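Working notes, beginning with the structure itself.
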Amino acid sequence: LHPVAISRPSTVAGHSMTGAANVSCYTAQVTCSLSRLGKYPDGQGTSRLLPQVLMLTPVDYCAEAIGRLVAAHGTWGADPELKVFHLVPLEPVDRGSFLDWLRSAGYCLQPCGEHEWHELLDSLPPSDPLSMFRQALLSGGLAPPDHGPGPDITLTCPLLHRLGVRRHSSLTEDGLRLQLSWLVQAGMLDAAPSSSHGSISAADISELMTSMAFRFENWYPALRAHTFESSWVEMQTTQIEMLLHLRRAMDTIAVGLATAPARDRSKPQSFTLRVDKVGLSADGAARHAFAVRDAARSLPENQLDEHARRRSQFDAVLSAWCSDQAPAGVRAGSNVHMPPRALWQAYEDLRSSIADLLPKFNTSGTDGAFLRLSTRSPKDALDGLSLHRGVRTAEEALLLLTVSDRTTQDLRQALALGLDPPSVILRAFDSEVEVTREFRLFVYRSQFVACSAYSQERQAVSSTPDRSDVDRMLCRFFEQELQDRVPPECAVDVCFNVAWTYPPTLIEVNHPPPVASSCRFDWADPGDRAILVGRRSYELRM
């Protein structure tokens, strides 16, 4: 008998990176109708439209979870408790928060009484999704059931984490904004007007995320004198596809190592028995803790640290491609149309281009190159390795780009939305850059409206100059060097040296909030948001 499992997603929400959604989904249709009407029924009427708790799980999380469960097929089948997998959000959204998110996205929803709501329902055109539920809503016969995560989530979540699923399982406010933007592009929803308190609409978010103005190579030339020496390689679409396939292949190998293969129990088995702990119980008896491992899983690779393990997987895939073969246990996805040899050639072309630029960053007295894409850096990869030391080889640069979730998401987004491929950026690495001396400047309509220490950690008083001196230097730097050279809405990161002397060094130019972090300001707080969009006076937080 072959093990069989059932995957049970909750309501599947839009893609967390592109917003692409199921247009026939009841929740999506209700969302579109309410956003168009600008009204929702007060009191019990709301519960007839939306449940008290919305179990919304992004489609990319569901797809990855199911894919990894299929890849690990047979390794969990011996456990009778793991035959049904509940793919539900760890952080469900309550109805009130969901409506608040719609308002924050620019849709001015207001509660209305029963009489006004019934009049709105009677006036709905046949094309409105709610029209098919008109009679049920008028009679009170429609009531979406309330659900919760359920106890089985405690079995599913640890397994998915062990299989390498790292995506967020819950719909977030930013995710809803992307989905609304996608629904606007699909013609199901009108773009939201800007709200009275300065919110950014879903369409604005989408435009910001796809804007070329925030790509490194577009702002660097005008600000070159104030930042680190940099060079870049323009990527090709085939090279994006290669890096994404490389990541998928490495993850497949990782899944194979994380899950024991199904054993033929009719043959003799070999095991490794390890004593993890030895101690005494309360009554003085000897007590042991044992761990049993298949001999096949006692490979040296399983004792390697994360960096060495990922490098081993990286090398295994490339070695197979070089021999014009698919890596062992890895099948090409249906969306991959490049044979192994073509993937290897795409890798070699990109590696060679990066290698040609590295010598200028590897001279005596330099710290190597800081690596990033046009969009973001791989600072989440391998315990933040790229933040602690510069890269010195092209192979190491490509490994970091491949294993980083940040850069992988940006590559997927560029491919999915048909954007120009991002470039690979190499910058002079400065080991003296310290996050506790870094600040984020917020620019709105070309005005310097707010500033925050980048780190949430409080600086030591003894190592920080007077607050007014820091403020004066930051304002001077913006007025003299940045104001006419950065986008009218953006967030600019700068860093002071150890002596806190003027001028600071420009780190990068980012999207404005809420796409970029607002650091010590809270975009969800109306008062903080008013500062960030210039409706209240300037403030420095440090």
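Each of the peptides 349-357, 418-426, 493-501, 57-65 was scored by the mean count of other Cβ atoms within 10 Å over its residues; in descending order, highest first, they stand as 57-65, 418-426, 349-357, 493-501.
A dipole drawn for region 434-542 from +1 and -1 charges on Cβ atoms has a positive end, and of 498, 464, 483 the residue lying farthest that way is 483. Note that region 388-506 shows a convex hull volume over its alpha carbon atoms of 147 Å³ per residue.
Counting protein heavy atoms only, region 368-457 has 45 percent of its accessible area on carbon and sulfur, 1.4 angstrom probe. Per-residue Karplus couplings for region 340-352, computed as 6.51 cos²θ - 1.76 cosθ + 1.60 with θ equal to phi - 60°, are listed in order as x, 5, 5, 5, 5, 5, 4, 5, 4, 5, 5, 4, 5 Hz, Gly and Pro entered as x.
Derived scalar couplings between HN and Hα for region 426-443 equal 10, 10, 4, 7, 10, 5, 8, 5, 10, 4, 6, 10, 9, 10, 10, 9, 9, 10 Hz in order, rounded to whole Hz, by the Karplus curve 6.51 cos²θ - 1.76 cosθ + 1.60 (θ = phi - 60°), x for Gly and Pro. For the Cα trace of region 464-542, dividing Rg by the Kirkwood Rh returns an Rg/Rh value of 0.95. The H on the amide N of residue 507, modeled in the peptide plane, is under 5 Å from the matching H of 493, 494, 495, each at least 5 residues off or on a different chain.
The values are calculated or read from the model by the stated rules, or taken from the named source; none is laboratory data. These numbers were taken from a predicted model, which means no experiment stands behind them. For neighbour counting, all protein chains shown are included, and Cβ atoms are generated from backbone atoms with ideal geometry for every residue, glycine included. Accessible surface areas use protein heavy atoms only, side chains included; no ligands, DNA or RNA. Shrake-Rupley method; radii C 1.70, N 1.55, O 1.52, S 1.80 Å.
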